[in-house]
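The values are calculated or read from the model by the stated rules, or taken from the named source; none is laboratory data. This one's a predicted model, so the numbers in the text were calculated from it and none came from an experiment. We place every Cβ from the backbone using ideal geometry, glycine too, and count neighbours over all the protein chains shown. To get the accessible areas, we keep the full protein, side chains included, count just its heavy atoms, and leave off ligands, DNA and RNA. Shrake-Rupley method; radii C 1.70, N 1.55, O 1.52, S 1.80 Å.
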Amino acid sequence: MIRRLPFLLLLPLLCALATCRPSIRDATPFDYVIGVSMANLTEPWRINMRDEIMAEAGTRKNLRVVFTDAADSNGRQIQDVHTLLDSGIDLLILSPNDSEALSPVITEAYRRIPVILLDRSVIGFDYTLFIGPDNRLIGKQAGQYVTELLGGKGGKIVEILGRSGSPPVLDRSLGFREAIAPRRNITIVGTIVADWLRDKSEDELTAWLAKNGRVDVIFAQNDAMADGAHRAARKLGIDGIRVVGIDGLPGPHGGIELVRSGALSATFTCPTGGKEAVIYAMDILHREGGIPKKMILRTSLVTERTIESGALGAPPRPRIPPDHRIVLGFAQTGTESNWRLANTESIKTAARQAGIDLVFVDSEGQPEKQIAAVRSFIERKVDIIAFSPIVESGWEPVMREAKAAGIPVFLSDRTVDVKDESLWTTFMGSDFVEEGRRSARWLINYMKTDKPVNIVELLGTIGSAPEIDRTSGFKEILKDHPNFRIIVSETGNFERSTGKEVMQRILRDLTDKSEKMDVLFAHNDDMAIGAIGAMEAVGLKPGKDVVIVSVDGIRDAFTAMIAGKLNCSVECSPLLGPQLMKAVKDYFSGKDLPVKIITSEGVFPAEVARAVLPSRKY
Ligand code: AHR
């Protein structure tokens, strides 16, 4: 403990410093002081998070880290944040006890200093960076594993949940249920809430099994509860129940050891992000550019076999000699929009600047051509493949070929729909679902009406990730506002000219049916601009007669907003080149890559367009 003191202070000492000024800032010889507000310091997973933060901080001589422990109390954590802020910290790392309750104080902190959120996010976007797992994906992977475990015969499952209502509980359960849903002979016959605790899980499950009898699988949302479940079955002398957990911590009582000893059939690693938080905190404090908004960390399956084969964590990396120039094959969607042109430019420039040899193919909007391009990269034995998939489906075979050839695949801007998530290494791009939500939130707030609102939606390329996700995010928000109704949804293929043609037809049809359009939601600015032309041609005043919100934030959208013809553009950044090249280099230098790197983006209503336009880069 004494040895750790140079970079670690605990709450009592901090309080003393905070109340009897000068602040910790003045009292420390270190360049930076980071405050870490923990939801609790009792759960093993959180202790691991603290240890990772301390270990990484310990490698930096100019950094002091101060921890507070809220002991699972929202009130106490709010107080802790105030104490940390008053003590003069330079940056706050916080893992919220409850996302909703902590949101206001996090907003308050974010107004003063950079804030990194760990594990759980908040309502809204008042933070610098979120680092955490994708709990729904972990749940889904666990569900897929259990489906395979049960085979064709199917079976009965008991699910053991963490503390009621917390976001990871809901997301893990949702993902798990999604994965087992297609199998009618797999049923969840019992659900137990054990608050993440081993002993509670053991007690509750002992009572449940005694009453209801044997099941085939127990899926517990963390390893501590999985351990409790295993103990309950053993105590009752019931053999053969397979137990699956989540966390995969190292150490004597961690999930890896529980799998090794046979107590659990499997667990899924759930990284705490502690190490990454310190690395990014230092980048933020050093004012480095390109800080993403969200980093989603990788999860991997731990079974006896993966432990024995030493395949825990990321698969082995291909070796590249130090003087070798990396060759990157990139298959672009096409040239459908100004956004895409800016994306291509960003990738080409960044590759040049990074000294990476780029083999670039324009797939001209044709999915088959894009798959053929990826295949040609494999034949050519490039070092790495990246692409922005035109559509989500159809990728599994060629990605398997890439994996068999030992060539890693990075996804740029759009995701693929493949069962085997190990076929790709990392994704970087936007949160399209959030863009759909943001568009709807802005619209509802702008219109402030209970009267019926007729919405026309111009969709992107059908089957593409942005088309699927923007639609779902938009509808998710509209669900609570039934007066906002989508009356027409048609694709404009992300193209300005198609957007115009489709809008001409929609306007004719609406006139024939004597229906009125109040709002246009276009999945990109180019289609909105095309549609504006079509509206003007029939004497409508876009931006006034029809409220228009679209996605991308291209310069032309700002010009349209200044002219009063477009009401809002939700940003989707195409400037992914630098992030992609950094990830490529990090990969070959052996650094861990997050599974998803989500870009930082904003919402631009017409009122700010004039002021913002000069700073727009695309
Ligand atoms: O994948 C991102 C989308 O693709 C952009 O929103 C659209 O303009 C583009 O072509």
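Explain nothing, just the number: dipole magnitude of the stretch 459-618 about its Cα centre with +1 on each Lys and Arg Cβ and -1 on each Asp and Glu Cβ, in debye rounded to the nearest 20.
Taking the Cα centre of the stretch 459-618 as origin, the dipole is about 300 debye.
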**Prompt:** For the chain, what is the percent of antiparallel DSSP beta bridges, rounded to the nearest 5?
**Reply:** 10
**Asked** Taking all protein chains as present, what is the carbon and sulfur share of the accessible area of the stretch 512-618, in % to the nearest whole number, probe 1.4 Å?
**Response** 54
**Prompt:** What are the lysines whose alpha-carbon lies under 18 Å from the alpha-carbon of LYS541, with same-chain residues fewer than 8 places away excluded?
**Reply:** LYS500, LYS516, LYS565
**Size of the stretch 471-618 as Cα extents on the principal axes (Å, biggest first)** = 63, 34, 28
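Please report the relative contact order for the chain, taking Cα pairs under 8 Å with a sequence separation of at least 6, and give it as a percent rounded to a whole number.
10
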**Request:** Tally up the carbon and sulfur contribution to the accessible surface of the stretch 375-494 as a whole percent, 1.4 Å probe, everything protein left in place.
**Result:** 51
**Computed magnitude of the charge dipole of the stretch 196-280 (debye, nearest 20; Cβ of K, R +1, Cβ of D, E -1)** = 200
**Message:** What translational diffusion coefficient, to the nearest whole µm²/s, does the stretch 193-276 have by Stokes-Einstein, given a Kirkwood radius computed over alpha-carbon pairs, a temperature of 20 °C and 1.002 mPa s viscosity?
**Reply:** 168
**Complete:** Cα-based Debye curve of the chain sampled at q = 0.05, 0.09, 0.11, 0.12 Å⁻¹ gives log₁₀ I(q)/I(0) of -0.25, -0.83, -1.20, -1.35
**Surface accessible to a 1.4 Å probe, LYS591 within the full protein complex, Å²** = 110
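Based on the Cα coordinates of the stretch 39-159, what is the per residue volume of their convex hull in Å³?
Output value, Cα hull per residue: 135 Å³.
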**Message:** For THR491, what accessible surface area do you get with a 1.4 Å probe? Give it in Å², rounded to 10.
**Reply:** 50
**Prompt:** With every protein chain left in place, what is the accessible area of LYS448 in Å² (1.4 Å probe, nearest 10)?
**Reply:** 150
**Message:** Keeping all protein chains in place and using 1.4 angstrom, which order do ARG485, ARG340 fall into by accessible surface area, from largest down?
**Reply:** ARG485, ARG340
**Fill in**
Excluding ligands, DNA and RNA, the carbon-plus-sulfur percentage of the accessible area of the stretch 94-137 with a 1.4 Å probe reads 47
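Would you mind getting the accessible area per residue of the chain, heavy atoms of the protein chains only, 1.4 Å probe, in Å²?
On a per-residue basis, the chain sits at 42 Å².
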**Asked** In degrees from 0 to 90, rounded to the nearest 10, what is the angle of the helix 496-512 Cα long axis to the longest principal axis of the chain?
**Response** 70
**Message:** Which one, VAL584, ALA563, VAL519, projects farthest toward the positive side of the charge dipole computed for the stretch 511-591 from Cβ point charges (K/R +1, D/E -1)?
**Reply:** VAL584
**Item:** Distance from the stretch 177-216 to the stretch 341-385 (C-alpha centre basis), Å
**Value:** 48
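About the Cα centre, and with charges only on the beta carbon of Lys, Arg (+1) and Asp, Glu (-1), how big is the dipole of the stretch 86-209? Nearest 20 debye, please. Mind showing how you got there, number by number?
Details: 14 positive and 17 negative charges, 140 e Å.
Approximately 680 debye in magnitude.
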**Message:** What do you get for the angle between helix 577-588 and the principal long axis of the chain? Use alpha-carbon atoms, 0 to 90 degrees, nearest ten.
**Reply:** 30
**Prompt:** What is the Cα convex hull volume of the stretch 218-260 when expressed per residue in Å³?
**Reply:** 61
**Asked** If you bin the C-alpha pair distances of the stretch 470-517 every 10 Å from 0, what whole percents do you get?
**Response** 22, 41, 35, 2
**Complete:** Once the dipole of the chain is set up from charges on Cβ (+1 Lys and Arg, -1 Asp and Glu), the residue from the list GLY492, GLN77, SER99 lying farthest towards its positive end is GLN77
**Item:** Dipole of the stretch 119-240, positive end: most advanced residue of ILE192, ILE138, TRP208 [Cβ charges, Cα centre]
**Value:** TRP208
